[in-house]
Structure formats: structure tokens, C-alpha cells
Amino acid sequence: MWRSRARALLLLRSSAPSSAPPQQNPLRSLARAPPPPPRLLSRFLSSSSQKAPPAASPPSSSSPGAAPGSAAPPAYTGNLKKALAGLRRIDLEGLRWRVFDAKGQVLGRLASQIAVVLQGKDKPTYAPHVEAGDMCIVLNAKDICVTGRKMTDKIYYWHTGYIGHLKERKLKDQMAKDPTEVIRKAVMRMLPRNKLRDDRDRKLRIFAEGEHPFHDRPLEPFIMPPRQVREMRPRARRAMIRAQKKDQDREAKKAEGEAAKNGKAAVAA
């Protein structure tokens with residue numbers, strides 16, 4: 001019975017004049033429509049469709065107060081991997097980048113100032129259990145100075161762990177091998193031995209020359225406090241001259257021995 005009624009309705013619809021377009025099922029239109037793009041994608045498309053403002057040209061020098069026409073800083077030619085090691089483990093937000101020039105500075109006085117900045121003792125918010133020190137960049141480590149006869153008398157000791165393997169090295173030899181290690185040891189031995197020691201060691205960057213890879217940071221040169229230089233006592237001056245003359249004689253004898261050995265080898269050949 002319901003089939004006959006359906007057929008009659010279909011015949012009536014087909015015979016009736018179609019003045020208005022047939023109405024489509026809204027469910028079918030929703031099913032056929034493509035899915036809307038994700039929210040993140042729509043935001044990205046809307047932001048990319050707008051014209052971006054022209055990017056400002058980077059300044060030629062990142063040092064504060066530099067003129068816009070000054071030359072760009074030189075490229076770092078040292079070991080970049082070693083210079084940037086451990087920076088990811090430091091929270092650099094809000095830190096100041098202090099630059100120390102070690103040229104002509106006394107080792108102990110420079111190390112004491114670096115230790116103060118690393119611990120944050122120059123800030124009113126200092127606390128012994130909080131790591132609030134700033135980044136310290138030390139340049140020209142090879143031009144550090146020492147007083148008295150420390151260059152020949154100061155000795156660094158370390159032990160390899162084997163019986164009888166106590167090693168030693170003079171300050172003069174260490175300066176020729178790696179001058180950055182001299183300042184690092186002087187600073188680290190002034191810091192307290194606690195859990196904050198490793199973080200403070202990462203904030204200390206020492207370079208033997210005057211170049212470094214941190215020109216894109218807001219650098220602040222550190223001004224060393226003035227000091228009164230006392231003249232060396234005559235007795236200490238005479239002892240230093242004797243030690244220097246002794247080293248020169250030893251090197252001259254060594255050179256003469258090598259020359260004689262080379263001459264004998266040439267005659268034998």
C-alpha cells in the first residue's frame with residue numbers, strides 16, 4: 001500500500017511544472033564539502049598572506065655605542081665547538097656579558113674580580129645558595145702578568161693515579177702550552193666547592209687571543225679597579241735577574257750541544 005502511494009507522489013512531482021529549483025538535502029552538501037583546514041594551518045595561511053614588514057638590516061657591530069658605519073667584527077678562527085660548549089645548559093635570560101681584558105693585568109687580582117662576578121657578589125640580590133652570576137669573557141690570556149719570581153718558581157702539581165707518577169709543570173711552561181688554563185685554575189680555586197661550581201665554570205670563557213665568537217651579544221667591558229704598584233725590592237730584583245740569566249745560559253748550552261751534534265752527523269755523512 002505504501003508503495004503505491006510513493007509511486008503516485010513521484011508521478012505528481014514529475015508532472016508538476018518546476019518553477020523553483022529543487023531543494024538539496026543539507027546533509028548531502030555537508031558530506032560532499034571538503035573538511036575545513038586545521039586551526040594552526042589556517043592561522044599560518046592568514047599570517048603568510050599578509051605582507052610582512054621589511055626586515056631591518058642588522059647593525060654592523062654589536063658592541064654598545066658602535067657607529068652604524070663601523071666595520072664588522074672579525075670572524076672567529078679558533079675552536080668554535082670548544083668556545084660554545086655547555087652554553088645550552090645555561091639560562092642566559094637576564095645575564096650580563098662582562099668582558100675582561102687580561103693584557104698587562106696581574107693574575108691574582110684579575111682572578112679575584114672574575115670570581116666576584118661569577119658568584120654574583122656585585123649584585124644586591126646575592127645569596128650563597130643561588131646561582132646569579134654573569135657571563136665572563138676573558139681575552140688576551142697569553143699577556144697575563146705575575147709579580148715576583150712566580151713565572152719560574154710557581155709549580156702546578158697533579159697525580160695520574162699510578163704509583164710514583166706525581167707530575168709537575170712550571171708556570172712558564174704552562175703559559176707556553178695553554179695560557180687559558182692558568183686563569184681558569186686561578187679562578188676556580190677561588191670559588192667555593194659546592195654544587196654551583198660546575199655552572200660557574202660554564203659561564204667562564206677564556207681566550208688566548210683578542211678574538212671571540214660572542215659579538216652578537218650585548219657585551220659590557222669590565223673596568224678593573226685602580227691599584228698602587230710597588231717597586232720590586234732590590235734583593236728580589238737581583239734574584240729574578242739571576243734566575244733569568246740561568247735560564248738563558250741553560251738554553252744557550254742546549255743550543256750549542258744540538259749544533260755540535262748536527263755538525264758531527266754532517267761530517268760523518
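The values are calculated or read from the model by the stated rules, or taken from the named source; none is laboratory data. Please read these numbers as outputs of a predicted model, since none were measured by experiment. So basically every Cβ, Gly included, is an ideal-geometry build from the backbone, and we count neighbours across all protein chains shown. All accessible areas refer to the heavy atoms of the entire protein, side chains included, with ligands and DNA or RNA removed. Shrake-Rupley method; radii C 1.70, N 1.55, O 1.52, S 1.80 Å.
Brief remarks on what is shown
- Checking every one of the chymotrypsin sites (Phe, Trp or Tyr not before Pro) in region 143-195 against DSSP loop status and a limit of 16 other Cβ atoms within 10 Å picks out Tyr162.
- Net +/- balance of residues flanking Asp134 in space, Cβ distance below 10 Å, scoring K and R +1, D and E -1: +2
- The loop-placed GluC sites (Glu not before Pro) in region 172-269, going by DSSP, that have at most 11 neighbouring Cβ atoms within 10 Å of their Cβ come out as Glu231.
- Residue-wise HN-Hα coupling along region 156-165, computed from phi with Karplus coefficients 6.51, -1.76, 1.60 (Hz; x: Gly, Pro): 9, 10, 7, 10, 7, x, 8, 5, x, 9
- Sparse-neighbour loop sites [GluC sites (Glu not before Pro); region 83-169; at most 11 other C-beta within 10 Å; DSSP]: Glu93
- Charge context of Arg235, other residues only, Cβ under 13 angstrom, K/R +1, D/E -1: +4
- At a probe radius of 1.4 angstrom, the accessible area of region 149-241 per residue rounds to 72 square angstrom.
- Cross-link pairs Lys123/Lys177; Lys167/Lys246; Lys170/Lys264; Lys142/Lys261 - those with Cα-Cα distance over 30 Å: Lys123/Lys177; Lys170/Lys264; Lys142/Lys261
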